[in-house]
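Just below is one structure, and these are the notes that go with it.
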């Protein structure tokens, strides 16, 4: 039967309406899962990444971002997006949350297109995108603003894969040769993905996997085309390793396991991630810290099990077996950079994390969606209804679990309380919940959590620094210095320990030692306004007012809202007789806190001198 022109137009319009309807369902699902998290505040290291990051505020920040002069990782494109976001929303978290949700939705939409090209039927491809969108394993990457590097990188990663599939002739079209022109944009998208997060490095292997899956072989042309991708991946991997070793690990004081233990843990991590992707229960922002005493050949045992499982899957010669190899192969390949085979700063916290599995989750979600879609298309009416019911039940169960878990990320107290509910012996959860309680003024409760964290993991320098903070606040200054010294033995450049020790030495009037400690803190973290302020106090106490004024001025520059820094700068300037410069500092203090009596007293004294002709 030949369709009329009107019938063709009606069919085209109908197809577009269905497409828009499906896309709208994905958008509604994203809103349903993440709306609670979008109303939340900053959590964990969000302040260090955003609100306390001076590089995002200045107009010269872009040059420093791209030069690699700042930061513990080289992710300049991700940081540039944050730099732009800061100009749009400042320190209001809602905009960042919705941006992250939008990026996650965009990734799901591109994934839908990729699945369609890989041969998944319409319903199955859309279902795979939906499963990924609402999966609880993705929540950590989407609800935690600092993990924007994951959601942003994934969009570029999938765009690169989409263009690479066009080059490889996937789906096959006898009337159309491979489109070599698509290699250049694919490489460009790949570079963009790597500039957001280095774990996107496995794309060349994925391209070869897709070529092998579709044609049953990898030919010379495939290998030659992947050479520039491999070169870029190698350069990115080397840069990532350098920044981890010289910036991230140096700052985090990584302790723990040798190569054999890392090999064994990597073998155990793969089934851990697979189980969580298939059965996402007992979700937590941190998982138990594994540091078993594994040596050879015990470290190889998990890999023998994985090799046996891979061989078993490889024996399936049916089309479903080929799809299983593609999905599981994608899953395993993209886990390789985050298994801990190379040292990573995060290993001091845990060997596994949901955000490490964000890209790999696509393999499991796509496999589930394509499988149900194929069953739906091939079955009779009754079985088709059963497939639809299964798809709906699975999507709803995932969405409900993800929505509940996303609510955990609304604030630090909820996050770390949940973490301890899941794993009561999580040292990092005790430590972070202690900080929350300390900032709320609940010092005794905070101290109990700090001490528990120290008992669970005494190898961490930050834990000792927090115990020192608790002891110093309760007047046990000498004991606090002891804790700071323990922290500094583990991590000699730890800014928090140096700064805290400097404050304690100030209390004991040991000013030369306090000056040395505060200078050390500034060398480790030159952008910390409080360290500059503490150094200024020590210098002022040593009658070195010009130097003190310079440090207070730097503290004000780094944190313009810091009342004490403005006040101390005003006092130092007044002590130097620079009254005209001191007046604006006291004015700023009174603007922020009108009832600040000492600032009012100083200002009245200066203005009195001005009226008598004494102001300089």
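Per-residue extension of 0.36 nm, minus the Cα-Cα distance of residue 241 and residue 218, leaves a gain of 5.3 nm for this segment.
How large is the Kirkwood hydrodynamic radius of the chain, counting all unique pairs of alpha carbons, in Å? All intermediate terms of the calculation are to be shown ahead of the outcome.
Numbers: mean 1/r = 0.0368 Å⁻¹.
Radius from the Kirkwood sum: 27.2 Å.
Per residue Cα convex hull volume for the range 498-616, in cubic angstrom? Walk me through the numbers on the way to the answer.
Working: hull volume 11.1 nm³, N = 119.
In the range 498-616, the Cα convex hull volume per residue is 93 Å³.
Relative protection proxy for 91-98, 163-170, from highest mean packing down: 163-170, 91-98 (other beta-carbon atoms within 10 angstrom).
Relative contact order, whole percent, for the chain stands at 13, derived from Cα pairs under 8 Å and 6 or more residues apart. The slack between residue 260 and residue 414, meaning 0.36 nm per residue of separation minus the straight C-alpha distance, is 51.8 nm. Scaling against 2.2 N^0.38 Å puts the C-alpha radius of gyration of the range 403-495 at 1.11. Quick one: helix 203-215 against the long Cα principal axis of the chain, what's the angle to the nearest 10°, folded into 0 to 90? Long axis of 203-215 versus the principal axis of the chain: about 10 degrees.
Taking 0.36 nm per residue of separation and subtracting the Cα-Cα distance, what length does fully extending residue 89 through residue 478 add? Before the final figure, lay out each step's value.
Details: separation 389, 0.36 × 389 = 140.04 nm, distance 4.36 nm.
Answer, rounded to one decimal: 135.7 nm.
Rounded to whole Å, give me the distance from the Cα center of the range 342-377 to that of the range 423-462. Here the two parts' Cα centres lie 31 Å apart. Which residues does a label at residue 393 reach in the range 108-141, if reach means a backbone N under 20 Å from a point 7 Å past the Cα toward the Cβ? Counting backbone N atoms under 20 Å from the label point, the list is 124, 127-128, 130-132, 134-136.
For the range 14-57, the calculated P(r), taken from all Cα-Cα distances in 5 Å bins from zero up to the bin holding the longest distance, is 5, 18, 13, 13, 12, 12, 10, 8, 7, 3, 0 percent.
Label-to-label distance for residue 400 and residue 342 is 4.3 nm, based on points extended 7 Å past Cα in the beta-carbon direction.
Label separation (residue 459 vs residue 23): 5.0 nm, computed from points 7 Å beyond Cα along the C-beta direction.
Which of the peptides 439-452, 188-201 is most tightly packed, and how do the rest follow, going by the mean number of other Cβ atoms within 10 Å of each residue?
Details: 439-452: 16.7, 188-201: 23.7.
Going from most to least packed, we get 188-201, 439-452.
Its Cα gyration tensor gives the range 91-224 an equivalent ellipsoid. The semi-axes, each the square root of 5 times an eigenvalue, are 29, 17, 12 Å from largest down.
Just to verify a number: FRET efficiency for residue 384 and residue 311, C-beta to C-beta distance, R0 = 41 Å, to 0.05? Write down the numbers at each step before the final one.
Values: r = 35 Å, r/R0 = 0.84.
It comes to 0.75.
Please determine, in degrees from 0 to 90 and to the nearest 10, the orientation of helix 461-473 with respect to the longest principal axis defined by the Cα atoms of the chain, where the helix direction is its Cα long axis. Computed tilt is about 40 degrees. The C-alpha atoms of the chain define a longest principal axis, and helix 148-167 lies at about 30 degrees to it. As a length-normalised measure over Cα pairs under 8 Å and 6 or more apart, the relative contact order of the range 413-611 settles at 9 percent. In whole percents, the pair-distance distribution calculated for the range 413-611 from its alpha-carbon pairs, binned every 5 Å from zero, is 1, 9, 14, 15, 16, 15, 12, 8, 6, 3, 1, 1, 0, 0.
No lab work stands behind these numbers, since they all come straight from the coordinates. Since the structure is predicted, the reported quantities are computational estimates derived from the model, not experimental observations. Cβ coordinates were reconstructed from backbone atoms using ideal geometry, including for glycine residues, and neighbour counts include every protein chain displayed.
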